[in-house]
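Values in this text are rule-based calculations from the coordinates and carry no lab data. Quick caveat, the model's predicted, so the values are computed rather than measured. Positions of Cβ are generated from backbone atoms using ideal geometry, with glycine treated the same way; all protein chains shown enter the neighbour counts.
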Amino acid sequence: MITVPVELGARSYPVMVGPGARNALADVLPEGARRAAVVTQEAVPVVVDPGLPHQRLVIGPDEGAKRLSTVEELCRAFTRFGLTRADVVVAVGGGVVTDAAGLAAAVYHRGVAVVHVATTLLAQVDAAIGGKTGVNLPEGKNLVGAFWQPAAVLCDTETLETLPPEEYRSGCGEMAKYHFLGGEDLGQLALDERVARSVAIKAEVVACDERESGRRAVLNYGHTLAHALETAGGYGLRHGEAVAVGLVFAARLAHRLGRIDEARVHDHLEVVRSYGLPEAVPPQIDPGELVTLMARDKKATRGITFVLDGPRGVEPVPDVARADVEATLKEMF
């Protein structure tokens, strides 16, 4: 087992990575918890034992479960179960579960402890780490949320063996991002070490900027277009696939702005292709709609904002000209 600490002072917590990590659940629950609400989805083939009285709550399938009505349903179920502020929510599943259950835990009684048992690659390397929770609106992805750090995260790599190939590939899209955030050696590591290395990169960024006031925005590399693609395409692309397209777009936009050279664009293409991920925008999606959606992104406080590679590495770049965005999008079809 590899343990990666997320250093946040009194809110620090461990991320445990390795086969069988889910079996450590009872050991990482907050002291004094008397009951647990275990939130999951029907399709998640993972059973956990928190070692205390618990109730299993099943939310809807797929990305459609990431909505405000799910948070309300969970909070009402917590009430019926008798969950108190001294108890714990256990999220068992992928990013949809950790996002929705995490937000419900953040707002119920103004904050109940949550432990994530991440069962997908995407959740293990990204969604379950760092305390970002959120649900979608029809107008865009993750527009309603809160920062709520978990008490612990368990990344059981045994659960990855049962993932459908498309779900595993989606996780690879998030992992591809870390190649450009200090993880140049990721491709040479075994799976457990690769997950742990991705977690360590994210943990270091979160420790420096917990609430995304500056540096943490780099973790959204590739996500500005990705979130727009998911919304415009009705979530036909999985999140990691959309991130892969977003990484290629970000590289081409950075090249257009003179921030990187053609060789660096090729590096992005090589990483994306090495994971068997898409690199083009689906032809049925309207580029004008994508630009409108990108302008609503949470980072867009000063014009259209992107996280882009450059001479100082990956960083937020505000107020990118719409003409440059539209011209780069044309290269993506």
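Could you tell me whether region 272-333 comes out rounded, prolate or oblate from its Cα gyration tensor? Rule is a ≥ b ≥ c as square roots of the eigenvalues, rounded for a/c under 1.5, then prolate if a/b exceeds b/c, otherwise oblate. Cα axes put region 272-333 in the oblate bin.
Can you give the Kirkwood hydrodynamic radius for region 68-114, in Å, rounded to one decimal and based on Cα pairs? Please report the intermediate quantities before stating the final value.
On the way: mean 1/r = 0.0961 Å⁻¹.
Averaging 1/r across every pair of different Cα atoms and inverting gives 10.4 Å.
Counting Lys and Arg as +1 and Asp and Glu as -1 over every other residue whose Cβ lies under 13 Å from the Cβ of Ala113, the net charge comes to +3. Structure note, pairs Lys66/Lys132; Lys177/Lys202; Lys132/Lys330: Cα-Cα distances above 22 angstrom occur for Lys132/Lys330. Size check on region 221-330: the Cα extents along the three principal axes, sorted descending, read 35, 35, 22 Å.
For region 221-330, the residue among Pro316, Gln284, Val265 whose Cα projects farthest onto the positive side of the dipole built from Cβ charges is Pro316.
Of the residues Ala36, Gly18, Ala127, the one whose Cα sits farthest towards the positive end of the charge dipole of region 2-177 is Ala36 (charges of +1 on Lys and Arg Cβ, -1 on Asp and Glu Cβ, taken about the Cα centre).
With Cβ to Cβ distances under 14 Å as the rule, what net charge do the other residues near Ala280 carry (K, R +1; D, E -1)? Could you put the intermediate results ahead of the total?
Working: positive: Arg252, Arg273, Lys330; negative: Glu241, Glu279, Glu331.
Once all neighbours under 14 Å are counted, the net charge is 0.
Backbone phi angles across region 190-206, fed through the Karplus curve with coefficients 6.51, -1.76 and 1.60 (θ = phi - 60°), yield HN-Hα couplings of 5, 4, 4, 5, 5, 4, 4, 5, 5, 4, 5, 5, 5, 4, 5, 5, 4 Hz in residue order; Gly and Pro are listed as x. Considering helices alone, the calculated mean residue ellipticity of the chain at 222 nm is -11500 deg cm²/dmol, with DSSP H runs of length four and up weighted by -39500 (n - 2.57) and normalised per residue. Only Lys, Arg, Asp and Glu carry charge here, each on its Cβ (+1 for the first two, -1 for the last two); on that basis the chain has a dipole of about 1000 debye about its Cα centre. Averaged over residues, the count of other Cβ atoms within 10 Å places the peptides 323-329, 176-182, 249-255 in the sequence 249-255, 176-182, 323-329, highest first.
Could you work out the relative contact order of region 1-85? I mean the mean sequence separation of Cα pairs under 8 Å and 6+ apart, divided by the number of residues, in percent. If you can, show how the numbers build up before the last one.
Values: 79 pairs, mean separation 18.1, N = 85.
Taking the mean separation of contacting Cα pairs over the length of region 1-85, I get 21 percent.
When you restrict to C-alpha pairs under 8 Å that are six or more residues apart and normalise by the size of region 2-177, the relative contact order lands at 25 percent.
Cα extents for the chain along the principal axes, largest to smallest and rounded to whole angstrom: 57, 40, 37. What percentage of all Cα-Cα pairs in region 2-177 are separated by more than 20 Å? For region 2-177, the share of Cα pairs beyond 20 Å comes to 46 percent.
To the nearest 0.05, how large is the calculated FRET efficiency for Met1 and Thr79 if R₀ is 35 Å and r is the Cβ-Cβ distance?
Values: r = 36 Å, r/R0 = 1.02.
In this case the efficiency is close to 0.45.
Below 15 angstrom from the Cβ of Arg197, what's the summed charge of the other residues (Lys, Arg +1; Asp, Glu -1)?
Numbers: positive: Lys177, Arg194, Lys202; negative: Asp126, Glu174, Glu184, Asp185, Asp192, Glu193, Glu204.
The answer is -4.
Restricting to Cα atoms and excluding each atom paired with itself, what does the Kirkwood estimate give for region 48-142 in Å? Radius from the Kirkwood sum: 13.4 Å.
Is there a quick way to get the dipole size of region 121-255? I mean about its Cα centre, with the Cβ of Lys and Arg at +1 and of Asp and Glu at -1; what is the value in debye to the nearest 20?
Values: 12 positive and 18 negative charges, 98 e Å.
Computed about the Cα centre, the dipole is about 480 debye.
With the highest mean first, a sort of the peptides 35-41, 90-96, 156-162 on other beta-carbon atoms found within 10 angstrom per residue produces 90-96, 35-41, 156-162.
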